[in-house]
1. Identify, by number, the condition in (1) open to solvent by 20 Å² or more (accessible area, probe 1.4 Å); (2) modelled with pLDDT of 95 or more; (3) within 24 Å of LEU181 (Cβ to Cβ) that GLN98 doesn't meet.
2. Give me the residue from region 120-133 that is among the hydrophobic types (A, V, I, L, M, F, W, C) and surrounded by 12 or more Cβ atoms within 10 Å (Cβ to Cβ) and, out of that set, modelled with the lowest pLDDT.
3. Restricted to region 362-382, and to residues that are within 17 Å of LEU285 (Cα to Cα) and open to solvent by less than 70 Å² (accessible area, probe 1.4 Å), which residue is farthest from the chain's Cα centre (by Cα)?
4. Tally up the residues in region 150-200 that are hydroxyl-bearing (Ser, Thr, Tyr) and under 16 Å from THR234 (Cα atoms), please.
5. Which count do you get for residues in region 169-192 that are open to solvent by less than 40 Å² (accessible area, probe 1.4 Å) and part of a helix (DSSP H, G or I)?
6. Which residue, of PHE404, PHE458, is at pLDDT 95 or above, open to solvent by less than 70 Å² (accessible area, probe 1.4 Å) and closer than 30 Å to GLN348 by Cα?
Amino acid sequence: MTCFINIKGIIVSHTVEKIGGTSMSQYQAVRDNIVLHNRKPDGYYQRMLVVSAFGGITDGLLECKRTGAPGVYATYADAEDDSAWEQTLDNVCNRMAQINEDMFAQTPERALADSFLQDRIAGIRDCLHHLRQVCAFGQFQLAEQLQTIRELLAAMGEAHSAHNMVLYLRQSGVNAVLMDLTGWRTDEALPLDDVLKQALSRYDLSSQLPVVTGYAHCKEGLMSRFDRGYSEMTFSRLAVLSGAREAIIHKEFHLSSADPRLAGEDQVIPIGRTNYDVTDQLSNLGMEAIHPQAAKGLRQQDIPLRVRNTFEPDHEGTLITTNYRSPSPCVEMVAGRRNIFAVELFDQDMVGRVSHYAECFTDELDGMRLNLVSKDMNANTLTYYISGNRKTVRTLVSALQRRFENADINTHKVSVVSAVGSDMSIPGLLARSVAALNKANVPVRAVHQSLRAVEMQFIVDDEFYEQAVVSLHDELVQTHAETVALAVA
């Protein structure tokens, strides 16, 4: 077994690896490409696998992340009787039972998987029924318990997938063990780090492969702070507390120079190296390689993060480190975000008081679960580029109008397209970018270029988003790659 020495001089040999929901649904690929691939039996260990729920299950338990369609949680919160949420819970349970059947057929593991599922679902059903009964009394308010219900339901998805994966790997001779962090039927909620330290003390990584629930029940309440990014916090803290030599995220795609669905699979380039600064920019665009708070712990402990493609096990993926800088200035990626609202506040009286207006604008944003993507300002105008639903944006505009009665406030539907790189200090880059967009007949509404030369943003109308991504990728990434290839040849 190969050992490594970290920056503190401590010998470490294990990795902590997170497997996303889409990959988990391809459970054979997880087994063959992640766990067993080119390993002898003694090479299965010195690893921890932090797993998400199978694809679509968390959507069914909570609400659809993409469309907002209600799941069990949303139905329970809104329904006045039990029939609606119970039917939704039955539907999700049936989908989970189908996964059990697909994974285990008629093997003995099928009975174990079904028994585990039925026990947990029955417990959740009883809990939700009893809570309804208690809240029939005026002294108890359902709204005060909704966050707890949300966490209870979310935990079910990871408990199911982790338990199934343990059974599945054991069929192949792997000594997999369940690290259940969901707090099922526990009386006390401890701080997250204490929960993880207690769990770590119970396993021997030299001979056991812990499969860890992405949800961890803790005093802080992961969902209240990180919503559905909670599994990345569990993953990150496990890596930090255990002193992992590397943290690895397995996804269904490479971290590439652009979205292959837009720029073409044969045109995009997997990114071999980058740094945590770039991942922060991607996170701001809603394209998280990792949640920024999860990245913070890894960055502070100087733990490398690797993003790998589940379906290309021989590819080394993308290595993300703290101090990496590209050997020569270049654009590493063109990324973007659609359906952004530009909220433009113009007030002739703003001159000399821009900071006051900006402070009030930010105060209103903070309480509305809206995400600020970018902003710009001049003497009498503030424009904030915001992601969120239209109803909440309207509420924001109304609140701002009450604060600034004489202001003109307008909203526009736009997209943000960004060129991102660890070092983009390239003379003439802005001019080349604008020329490429102009050649593709993409009108530019606004441009942002920072002094740090790690990102350059272009604001375009939604209808031109795809054209903007493709034209910038062709000019800034493909042209550079072809130039490098010719130089090498």
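The values are calculated or read from the model by the stated rules, or taken from the named source; none is laboratory data. Worth saying up front: this structure is predicted, and the values here are computed from it rather than measured. Positions of Cβ are generated from backbone atoms using ideal geometry, with glycine treated the same way; all protein chains shown enter the neighbour counts. Only protein heavy atoms, including side chains, enter the accessible area calculation; ligands, DNA and RNA are left aside. Shrake-Rupley method; radii C 1.70, N 1.55, O 1.52, S 1.80 Å.
1. All conditions are met except number (3).
2. Per the criteria, the residue is LEU131.
3. The first filter runs over region 362-382 and keeps only residues within 17 Å of LEU285 (Cα to Cα), leaving 369-376.
With the extra rule that they be open to solvent by less than 70 Å² (accessible area, probe 1.4 Å), the set shrinks to 370-374, 376.
On the way: LEU370: 17, ASN371: 14, LEU372: 17, VAL373: 16, SER374: 19, ASP376: 27 Å.
My answer is ASP376.
4. Just the residues of region 150-200 that are hydroxyl-bearing (Ser, Thr, Tyr), to begin with: 161, 168, 172, 182, 186.
If we keep only those that are under 16 Å from THR234 (Cα atoms) too, we end up with 161, 182.
So the answer is 2.
5. Of the residues in region 169-192, 2 are open to solvent by less than 40 Å² (accessible area, probe 1.4 Å) and part of a helix (DSSP H, G or I).
6. Values: PHE404 fails: at pLDDT 95 or above.
Unique residue meeting the criteria: PHE458.
Each row is one residue, and each column tells you yes or no for (1) part of a loop (DSSP other than H, G, I, E, B); (2) surrounded by fewer than 23 Cβ atoms within 10 Å (Cβ to Cβ).
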{"position": "THR148", "(1), (2)": "no, yes"}
{"position": "ALA154", "(1), (2)": "no, no"}
{"position": "HIS163", "(1), (2)": "no, yes"}
{"position": "LEU167", "(1), (2)": "no, yes"}
{"position": "ASP194", "(1), (2)": "no, yes"}
{"position": "TYR203", "(1), (2)": "yes, yes"}
{"position": "LYS219", "(1), (2)": "yes, yes"}
{"position": "LEU238", "(1), (2)": "no, no"}
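Table: residues versus (1) of a type outside the set (A, V, I, L, M, F, W, C); (2) over 22 Å from ALA122 (Cβ atoms).
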position	(1), (2)
ARG47	yes, yes
VAL51	no, yes
PHE54	no, no
GLY60	yes, no
GLU63	yes, yes
ARG66	yes, yes
SER83	yes, no
ARG95	yes, no
